[in-house]
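> The structure's right below; bear with me while I get my questions together.
The values are calculated or read from the model by the stated rules, or taken from the named source; none is laboratory data. In this text the structure is predicted, and so the values were computed from the model without any measurement. With ideal geometry, Cβ positions are generated from the backbone for all residues, glycine too; neighbour counts draw on all protein chains shown.
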Amino acid sequence: MRKTRFLILLLGLFSEVHAQPIAQIWLEETRLEAIQITGGLEVPWSMDSWSEEAILLTERPGKIKRVSLTNGETKVLYEAQNIAVEGQAGLLGLQTHPEFPDTPLVFIATTYYDNSIIRMRIDRLRYSETTDSLSFEQTIVSDLPSGNSNTGGRLFIDSENKLWLTLGDIKDTDLPQDESSLNGKVLRYELDGSNASGNPFANSPVYSIGHRNPQGIVETSLNEMLVSEHGPSSDDELNRLTSGGNFGWPLVTGSCVGNEAVCDSINAEEPLFTWSPTIAPAGIDYYDGALIPEWSNSIIMAALKDKRLSIVSLSADHKEATEVTTAFTDKFGRIRDVLVMGERIFLCTSNRDALGTPNEDDDRLIELVPYAHNGLLDREARQLDAFYHDGMVWFNQPVNSQIQVLNILGQILEVVDLQNRTEFRLSDTYHGLVILRDLDSNDTKKLFIP
Ligand SMILES: [Ca+2]
């Protein structure tokens, strides 16, 4: 226990909170350990970076919490007032100002009641160091269509300081194709809430149309804007936004292959990737770090229904998906959002929503910590059929290859050429774990030497 803790401190870069991993997976060259930063959250919906040391997140019932990455300590910085919390409505998207904390502003998307009708607004909050809390400053956009289903609600600020908001169709399929309605649209504003300059439709925040329920949005390093969206019972989509682009809903779902006539008639955009049956994609972020080479230049996508991450590798120009893999399936339950902070990757669960099955720790904020591995301890490798007894290594079959003996650090202690023998004597200087590796087959076996 002590040793583990020391190792984690030595690595420094990463969290020492709850150092015991709650799950791990093996990629080709990287082992990823999942570390719980904190539990006991209530449907966390959107995360953003507060600093190197903390994450800011919304909880859908209305709180904004700051979670320390050094000790997991969680503090409520804000409780939203006059909000509508029912079904998928509540406190949703959150983004810090690009110059935070020099410009200590935070933007949130939240639903509210106008008489009994649910609408959505974007509020600007200000952080005070004196009180160590956020306070309401101004509603910069209001009276957006909303409801308790297909609400969208993800906020994002891009590299040109434009404020994006995804809006679902609110279960009204007549409206996503109607350019004058805001249902089923991706909207783009200036940071003061005015319509972004250069938007494709006059006097409108609408950037793209024909969306069903987009719940994730991110900008890649090549400034491509990508959006994840929930399909009906098939065809969840990852889309690359284009100014004025039509993403098809409800006239076409998923790929235009087989739907060419409809797609041509509305000039629909082709998704980068589709998932059928649906997996319920939510938050997305873009990773291009060096510590997980298998995931470089990828979109990391949270999936609610399929309880996993989807990793979408992008082409060099970021206009196409080249490979899609999955990770951590069924390890944490429903996953709502993903946050990439340089080399660090975080996710939050959504097991306390109406569709989840929470355990006592839910909901959780989890960090994925990478370790390089050389394949020696890869759990996917086959096991050598060998055991240790009384100073000797015994094989169940004669072995006609060279066997490496390594210590736990991967250093080679010796190489034994077996030449059809079934046993060899180990040096009595070896104690603890040693690893055998067959140089022909690469099969390995861990042995404990008392
Ligand atoms: Ca579509």
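> Filter region 162-216 down to residues that are assigned to a strand (DSSP E or B), in contact with a His (Cβ under 8 Å, 6 or more places away or on another chain) and farther than 21 Å from S234 by Cβ, then give me how many there are.
Residues meeting the conditions: 3.
> Further question on the same structure: Condition check: touching a Leu at 6+ places or on another chain (Cβ under 8 Å), among the aliphatic types (A, V, I, L, M), modelled with pLDDT under 95 and more than 20 Å from M120 (Cβ to Cβ). Does I25 satisfy that?
Working: touching a Leu at 6+ places or on another chain (Cβ under 8 Å): yes; among the aliphatic types (A, V, I, L, M): yes; modelled with pLDDT under 95: yes; more than 20 Å from M120 (Cβ to Cβ): yes.
Yes, satisfied.
> Only one of (1) buried (at least 18 other Cβ atoms within 10 Å of the Cβ); (2) closer than 25 Å to R124 by Cα; (3) acidic (D, E) fails for D236. Which number is that?
All conditions are met except number (2).
> Going by the conditions given, is S228 within 12 Å of the ligand (Cβ to nearest atom), of a type in the set (S, T, Y) and out of contact with any Ser or Thr (no Cβ under 8 Å at 6 or more places or on another chain)?
Details: within 12 Å of the ligand (Cβ to nearest atom): yes; of a type in the set (S, T, Y): yes; out of contact with any Ser or Thr (no Cβ under 8 Å at 6 or more places or on another chain): yes.
The answer is yes for S228.
> Which ones in region 236-251 are within 16 Å of L304 (Cα to Cα), more than 7 Å from the ligand (Cβ to nearest atom) and either assigned to a loop (DSSP other than H, G, I, E, B) or among the charged types (D, E, K, R) (or both)? I'd like the intermediate steps shown before the answer.
In the first step, residues of region 236-251 are kept if they are within 16 Å of L304 (Cα to Cα); the result is 236-238.
Next, only the ones that are more than 7 Å from the ligand (Cβ to nearest atom) stay: 236, 238.
Hit for region 236-251 is D236, nothing else.
> Condition first: crowded, with 20+ Cβ neighbours inside 10 Å, within 13 Å of the ligand (Cβ to nearest atom) and not hydrophobic (A, V, I, L, M, F, W, C). Can you find one or more residues in region 254-267 that meet it? Can you show your working first?
Keep residues of region 254-267 that are crowded, with 20+ Cβ neighbours inside 10 Å, which gives 254.
Checking which are within 13 Å of the ligand (Cβ to nearest atom) leaves us with 254.
When the remaining residues are screened for being not hydrophobic (A, V, I, L, M, F, W, C), the result is 254.
Yes, the conditions are met somewhere in region 254-267.
> Something else: Kindly establish whether A80 is under 23 Å from A354 (Cα atoms), of a type in the set (A, V, I, L, M) and either outside the structural domain of Q215 (by TED's automatic domain parsing) or surrounded by fewer than 23 Cβ atoms within 10 Å (Cβ to Cβ) (or both). So that I can check it myself, show each step before the final result.
Working: under 23 Å from A354 (Cα atoms): yes; of a type in the set (A, V, I, L, M): yes; either outside the structural domain of Q215 (by TED's automatic domain parsing) or surrounded by fewer than 23 Cβ atoms within 10 Å (Cβ to Cβ) (or both): yes.
So A80 passes the test.
> Still on this structure, please answer the following. Going by the structure shown, is D390 of a type outside the set (S, T, N, Q), surrounded by 12 or more Cβ atoms within 10 Å (Cβ to Cβ), over 26 Å from R154 (Cβ atoms) and out of contact with any Pro (no Cβ under 8 Å at 6 or more places or on another chain)? Break it down into steps so the answer makes sense when it comes.
Values: of a type outside the set (S, T, N, Q): yes; surrounded by 12 or more Cβ atoms within 10 Å (Cβ to Cβ): no; over 26 Å from R154 (Cβ atoms): yes; out of contact with any Pro (no Cβ under 8 Å at 6 or more places or on another chain): yes.
Here the answer is no, as D390 does not meet what is asked.
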